[in-house]
Amino acid sequence: MRITNMHKMRVWDLPTRLFHWTLFALIPLLFMTAYAGRMDTHAAIGQAVLVLVMFRLAWGFCGSQTARFIDFVKGPSAIRSYLATGQSETLGHNPLGAAMVLALLATILVQALSGLFSSDGIGFDGPFAHLTSSVASDAVTRLHVALAYLLAGLVVIHVVAVLLHWKLHGENLIVPMFSGKKWVQAGASEPRFTHTVAAFAIFVTTAVLLFIARKTL
């Protein structure tokens, strides 16, 4: 990537970066614990992932500018324009990245929710499995397993796309997700940031709500 007439600017807030890398670490652990038969650990990690995703959904509406869905989700026309020109109007996710974010969040959300109602029929039941019939629980469990393969495919596509973008466009998208800063065109307006305290409050509230639901349902 040419950096003439460009400078580094903070575009990613700390909550968004922590969400990204925490999820990046937990997803492989979900697969490893499932294959190892460590279902109690798998369930605990899955519920942590659910809290993360619910937080990210809320942060997508009230978080910092580059984290908000309205800022980076632009629709099919923006994707076509990006494919044709290689230029993105947003400082954060480009249109293709936005589509992947939505696909991953939707898949992980349904995957995590289905895990709450799943049962292996042997000795493990999700915390809400007792709320459904055995037939419904079996169907949800099959969905949970099928979505695991979809999720694995999306993760691979995401990683490959980031590496291809780096190779073809010379833009490293990995380092900015650590540092929060990326190269942008000179004169670009700095995005608006929501205070990290708000993110902490949303995260804690989400975790407490899930805990209460587990204890009362």
Where Rh is the Kirkwood radius over Cα pairs, Rg/Rh for the stretch 49-147 = 1.15
Helical contribution to [θ] at 222 nm, DSSP H n ≥ 4, -39,500 (n - 2.57), averaged over the chain, rounded to 500 = -22500 deg cm²/dmol
ask   = Calculated FRET efficiency, Leu102 and Val208, Cβ-Cβ r, R0 25 Å, to nearest 0.05?
value = 0.40
key: Unit charges at the beta carbon, dipole of the stretch 6-216: most positive-side option, His130, Met39, Ala58   = Ala58
request  = Can you tell me the 0 to 90 degree angle between the C-alpha axis of helix 134-169 and the longest principal axis of the chain, rounded to 10?
outcome  = 20
key: Listed residues Ala78, Leu209, Ala98: farthest to the positive end of the dipole of the chain (Cβ charges)   = Ala78
task = May I ask you to evaluate 6.51 cos²θ - 1.76 cosθ + 1.60, the Karplus curve with θ = phi - 60°, for each residue of the stretch 14-31 and list the ³J(HN,Hα) values in order in whole Hz, giving x for glycine and proline?
result = 4, x, 5, 5, 5, 4, 4, 6, 5, 5, 4, 7, 7, 4, x, 5, 4, 5
Distance between modelled label sites at Thr132 and Ala152, nm, 7 Å Cα→Cβ extension = 2.2
task = Taking amide H positions as placed in the peptide plane 1.01 Å from N, state which residues far from Gly180 in sequence (5 or more) or on other chains have amide H under 5 Å from it.
result = none
note = Neighbour-count ranking for Trp59, Trp183 (other C-beta within 10 angstrom, fewest to most) reads Trp183, Trp59
query = Each residue of the stretch 83-94 in turn: what ³J(HN,Hα) in whole Hz from Karplus with 6.51, -1.76, 1.60 and θ = phi - 60°, glycine and Pro shown as x?
reply = 5, 7, 10, x, 10, 10, 7, 9, 6, x, 5, 6
inquiry  = Relative contact order of the stretch 110-209, please, whole-number percent, based on alpha carbon pairs below 8 angstrom and at least 6 residues apart.
reply    = 17
query = Measuring from label point to label point, each 7 Å out along Cα→Cβ, what is the His195 to Thr85 span in nm?
reply = 3.8
task = Determine, for each peptide in 85-96, 61-72, the mean count of other beta carbons within 10 angstrom over its residues, then list the peptides with the highest first.
result = 61-72, 85-96
task = For helix 95-116, report the angle its Cα long axis makes with the longest principal axis of the Cα atoms of the chain; keep it between 0 and 90° and round to the nearest 10°.
result = 10
query = Over the stretch 62-174, what is the mean sequence separation of C-alpha contacts under 8 Å (at least six apart), divided by residue count, expressed as relative contact order in percent?
reply = 18
key: Kirkwood Rh, Cα atoms: Rg over Rh of the chain   = 1.02
Over the chain, relative contact order from alpha-carbon pairs under 8 Å, at least 6 apart, % = 34
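Every number in this text was worked out from the coordinates using simple rules, so none of it is lab data. Quick caveat: nothing in here was measured; it's all calculated off a predicted structure. Please note: Cβ atoms are built from the backbone with ideal geometry, for glycine as well, and neighbour counts cover all protein chains shown.
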